[in-house]
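First comes the structure, then the notes that go with it.
The values are calculated or read from the model by the stated rules, or taken from the named source; none is laboratory data. Bear in mind the structure is a predicted one, so any value in this text is a computation, not a measurement. Here the Cβ positions follow ideal geometry from the backbone for every residue, glycine too, while neighbour counts run over all protein chains shown.
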Amino acid sequence: MASHSIGIEALMERAGWAVAQAVKTRFAPCRVLVLCGPGNNGGDGYVAARYLERAGWPVQVAALAAPRAGTIAAKAAARFHGRHVVFDQESAARADLVIDAVFGAGLDRAPSDEVMTVLASAKKRVAVDLPSFVNGRTGALLVEDSASRDVPDYLMSVTFVRPKPGHVLYPARSICGEVICADIGMPEDCVAHAAPDMWLNHPALWAIPAMSPDDHKYSRGVVSLCGGAVMPGATRLAAAGARASGAGLVRISAGKAAQAYRLGAPGLVVDDAPLPALLEDERREVWLCGPGLTPEEVEAALPSLLRAGRIVLADAGALGWADGVTEKLRGVSVITPHIGEFTKLFGAPGSDLAGAARAAAEKLDCVVLLKGAVSIIAAPDGRVMLNDHASPALATAGSGDTLAGVIATMLAAGMPAWEASCAGAWLHGEAGMKAGNWPVVEALDTHLGDARALAIALHAAAHGQV
Ligand SMILES: NC(=O)C1=CN([C@@H]2O[C@H](COP(=O)(O)OP(=O)(O)OC[C@H]3O[C@@H](n4cnc5c(N)ncnc54)[C@H](O)[C@@H]3O)[C@@H](O)[C@H]2O)[C@@H](O)CC1
Ligand SMILES: [K+]
């Protein structure tokens, strides 16, 4: 992040001030030790120490290494006139609160044992920008022998301008504590210059069509699902999710298995005609293929859908059918794998989940929604959305089928694939949060309509339309 029309020195001053403010707001005055590294993260630490001392707090600084002479951080260090102590375990253990300004965005390797031991000796920790062993770009922990070491956690991380992926993505998310994002007056042109390609999912970032008096079922959109004979429940859950999130018409193409679906919801249209005949209807543009299907059933449907140029969301059985041969899925618009399905298709993602999802989306030229506690939605053009608008309540069988149905409805409403997937993930998460304690998966459907209305209202509010 470079600074153009405002100097880095001013930004550092505001960043350090913001850290001191956050500490003063959340803690009673106590003995503070600020651990300062040699870079700008350390510079923020010296500024925070100066402001806390000015407010009458007992403050000490322990420097891992002095900033290089002539740097802004060195200037900040020179302006702190308080006590310096040795960077060691005893100093850290003596303090009531340790402010970790050792490394921030510049972290490029695992910190030494010395740094880790000193951090671990603190009673309470607050991070400047990020804990000093968190890769802010990926959310990975850069800790040697992390399996055998207790990784210290933090009460709070004070970051600047916008939260980093490291604050949002696991495993780092679980150790950052409360994340406070301070506005340090970074000019808009600098933020734009940084060309962000990753966002936190919010309705402001995409637009779902609202209800209109001119609506009819075809304008709202038709969702078609492939239904199999063996596991009709999954397809029915997906169909219910599609209907509950506002599709104009939902149809299941079930061939000989049609009877199993006719026993279900009366508003669901069930077709037993062969797929080629159904594909003559151009209004049936969006298809969901996979939930509840065996590989044979996918084989009988998916290649035909792709040959017919349909917009296809492939999930579950369709991903299993590909059996690691990613090319079999070429032509689909969206895939929604969980981590196991993703690994089988693209190999183990390593510690950079968002990077792996982005590479997969580029490779297959489709949207990849990698499901997890924080889902990652990657577009082939490199855009990545992180969705933490979700609830552990969603970790139940069938929840992924509902999600697929919701995304299909967003596609059928005319949204582009990435935006539809982001919207689907948000609505699904919102329904999960509203569905109460330990909900059965069907309970999500009750809340999807309200979730859609809320997303539309939040979008309008964010764009000054109310
Ligand atoms: N760029 C900006 O516009 C702003 C940046 N600010 C601060 O600047 C920080 C980034 O500063 P820097 O780029 O100077 O980087 P850091 O201060 O994070 O790190 C300094 C240097 O330490 C070295 N290093 C990295 N990992 C190491 C390890 N494990 N062991 C030993 N040495 C290691 C690297 O060579 C790195 O350049 C941000 O996190 C934030 O706190 C703020 O002052 C606000 C404005
Ligand atoms: K830090």
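For the stretch 318-368, the candidate set comprises residues that are more than 15 Å from the chain's Cα centre (by Cα) and among the acidic types (Asp, Glu); within that set, the residue that is nearest to Asp197 (Cα to Cα) is Glu362. When Arg50, Arg31 are checked against the criterion of being away from ligand 1 (no atom under 12 Å from the Cβ), closer than 20 Å to Val118 by Cα and surrounded by fewer than 24 Cβ atoms within 10 Å (Cβ to Cβ), a single residue qualifies: Arg31. Residue count for the stretch 79-97 under the criterion of being within 16 Å of ligand 1 (Cβ to nearest atom) and not charged (D, E, K, R): the result is 2.
Here the strands (runs of 3 or more DSSP E) wholly within the stretch 24-119 that include at least 1 residues being among the hydrophobic types (A, V, I, L, M, F, W, C) and within 16 Å of ligand 2 (Cβ to nearest atom) are 32-36, 59-63, 97-101.
Residue-level check: of (1) within 21 Å of Pro416 (Cα to Cα); (2) touching a residue at least 60 places away in the same chain (Cβ under 8 Å), Ala316 misses just (1).
Set side by side, the residues Gly400, Gly320, Gly372 differ, and just one is closer than 30 Å to Trp438 by Cα, surrounded by fewer than 21 Cβ atoms within 10 Å (Cβ to Cβ), in contact with a His (Cβ under 9 Å, 6 or more places away or on another chain) and modelled with pLDDT of 95 or more, which is Gly372.
Answer with yes or no whether Val441 is in a loop (DSSP other than H, G, I, E, B), β-branched (Val, Ile, Thr) and at pLDDT 95 or above. Taking the combined requirement at face value, the residue satisfies it.
When Ala110 is tested against (1) surrounded by fewer than 23 Cβ atoms within 10 Å (Cβ to Cβ); (2) hydrophobic (A, V, I, L, M, F, W, C); (3) more than 10 Å from ligand 1 (Cβ to nearest atom), only condition (3) is not met.
Does the stretch 121-130 contain at least one residue that is modelled with pLDDT of 95 or more, touching a helix residue (DSSP H, G or I) at 6+ places or on another chain (Cβ under 8 Å), over 19 Å from Cys176 (Cβ atoms) and within 8 Å of ligand 1 (Cβ to nearest atom)? There is no residue in the stretch 121-130 that is modelled with pLDDT of 95 or more, touching a helix residue (DSSP H, G or I) at 6+ places or on another chain (Cβ under 8 Å), over 19 Å from Cys176 (Cβ atoms) and within 8 Å of ligand 1 (Cβ to nearest atom).
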